[in-house]
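One structure is given here, and the rest of the page talks about it.
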Amino acid sequence: MTTKKKNNFYAGRLAPSPTGLLHLGHAATFWVAYRRALEHDGMLLLRNEDLDPQRSKFEFVEAMVEDLAWLGIAWKPPMVSQSERGALYRVAFEQLLETGFVYPCNCSRKDLARMMHAPHEDVDDEPVYDGRCRPVGDALARSLVPGMNYRFRVPDGEAVRFVDGNVGPQAFTGGVDFGDFLVWRKDGFPSYQLACVVDDAAMGITEVVRGADLLKSTARQILLQRALGLPGVSYFHTPLMVDEHGIRLAKRHDALAIRTLRQRGLSREDVLAMLG
Ligand code: GLU
């Protein structure tokens with residue numbers, strides 16, 4: 001028996017949300033994630049980000065597993081599903097609550113929409129929250145008030161820096177590039193940011209490969225890691241794919257689904273050649 005010696009252990013992940021079919025943009029990112037895990041002689045895990053009960057559908061989970069297999073993107077079972085990990089997120093949220101990093105917010109969707117400065121240029125990201133529910137001084141609630149959303153209080157004026165493996169040094173300033181962000185929803189679910197950080201740590205992920213639309217989310221997640229005392233990870237953000245009109249593929253749900261391309265008779269090689 002031969003044992004491979006691994007000096008720097010590599011664990012990556014694919015983290016699709018089963019709210020639609022995988023399209024070329026996902027395939028491009030997942031292909032890079034797969035190649036990087038291979039190059040590092042590491043492993044690639046699959047996380048089903050099915051937290052949104054309204055939008056997640058099991059048929060899309062089945063479709064993504066099948067499309068990944070068709071593309072030849074292998075991952076190490078078992079698949080992890082976020083909908084089954086509520087208790088883990090709750091523990092992390094309570095830690096944030098007890099250590100004074102979060103506060104309740106009762107702004108409605110309407111309030112938030114009104115707060116947006118129109119026209120909003122940064123379409124890939126949420127608007128900077130104006131902090132109207134932010135407590136003054138240190139008067140943070142340290143126990144859960146049911147029926148409230150909770151936000152993370154970002155350090156105003158502080159730059160969160162990281163060196164991305166693909167796009168190089170990055171810096172995003174709290175209160176300027178991004179504001180106090182949602183960590184816990186009043187319906188009892190964690191936000192994407194919290195679930196992602198908790199899972200990346202629990203799954204032992206060493207590098208996150210994802211689209212460049214999530215660069216500011218990376219800054220938010222670094223703050224959450226620090227607040228929770230979790231280890232940092234490396235990042236590799238992939239360029240976003242746009243169509244011939246410059247429209248992001250994620251915003252088109254039509255002809256560019258992997259499934260549609262397959263049905264049109266394209267081979268795996270044809271599809272991989274389209275990934276750029
Ligand atoms: N489920 C998220 C998405 O599809 C994953 C983002 C991430 O990789 O952290 O955009």
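The values are calculated or read from the model by the stated rules, or taken from the named source; none is laboratory data. If you're wondering where the values come from, they're calculated on a predicted model, not measured in any experiment. Quick reminder, even Gly has a Cβ in these numbers, built from the backbone with ideal geometry, and neighbours come from all protein chains shown. For the accessible areas, the whole protein counts, side chains as well, though only heavy atoms, and no ligand, DNA or RNA atoms are used. Shrake-Rupley method; radii C 1.70, N 1.55, O 1.52, S 1.80 Å.
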Failed criterion for A212 (all others in (1) under 15 Å from the mean Cα position of the chain (by Cα); (2) closer than 16 Å to F152 by Cβ hold): (2)
Test set (1) more than 27 Å from A37 (Cα to Cα); (2) in contact with a helix residue (DSSP H, G or I) (Cβ under 7 Å, 6 or more places away or on another chain) - L194 fails condition number: (1)
Some residue of region 100-111 being modelled with pLDDT of 95 or more and in a helix (DSSP H, G or I): no
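Taking into account only those residues within region 54-76 that are in a helix (DSSP H, G or I) and touching a Pro at 6+ places or on another chain (Cβ under 6 Å), which is farthest from P18 (Cα to Cα)? Step through it out loud before you land on a result.
Filtering region 54-76 for residues in a helix (DSSP H, G or I) gives 58-71.
From the residues that got through so far, the ones that are touching a Pro at 6+ places or on another chain (Cβ under 6 Å) too are 60-61, 64.
Values: F60: 5, V61: 5, M64: 8 Å.
This residue is M64.
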Checklist (1) at pLDDT below 75; (2) assigned to a loop (DSSP other than H, G, I, E, B) applied to D156, failing item: (1)
Residue count, region 199-219 (criterion: open to solvent by less than 10 Å² (accessible area, probe 1.4 Å) and among the hydroxyl-bearing types (S, T, Y)): 2
Only one of A33, A15 that is within 16 Å of the ligand (Cβ to nearest atom) and either over 20 Å from V208 (Cβ atoms) or open to solvent by 20 Å² or more (accessible area, probe 1.4 Å) (or both): A15
Any pair with Cβ under 6 angstrom, 6 or more apart, that starts in region 39-52 at a residue that is within 23 Å of A63 (Cβ to Cβ) and ends at one that is part of a strand (DSSP E or B) and within 11 Å of the ligand (Cβ to nearest atom): L44/G12; L45/R13; L46/L14; R47/R13
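Quick one: in region 19-30, which of the residues that are near the ligand (Cβ under 9 Å from one of its atoms) and crowded, with 18+ Cβ neighbours inside 10 Å is modelled with the highest pLDDT? First the steps, then the outcome.
So the first thing to find is which residues in region 19-30 are near the ligand (Cβ under 9 Å from one of its atoms), and the list is 19, 26, 29.
Keeping just the survivors that are crowded, with 18+ Cβ neighbours inside 10 Å gives 26, 29.
On the way: H26: 93, T29: 96.
Among them, the one singled out is T29.
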Those strands (runs of 3 or more DSSP E) lying entirely in region 160-267 with at least 1 residues within 24 Å of P127 (Cβ to Cβ), touching a His at 6+ places or on another chain (Cβ under 8 Å) and within 12 Å of the ligand (Cβ to nearest atom): 207-211
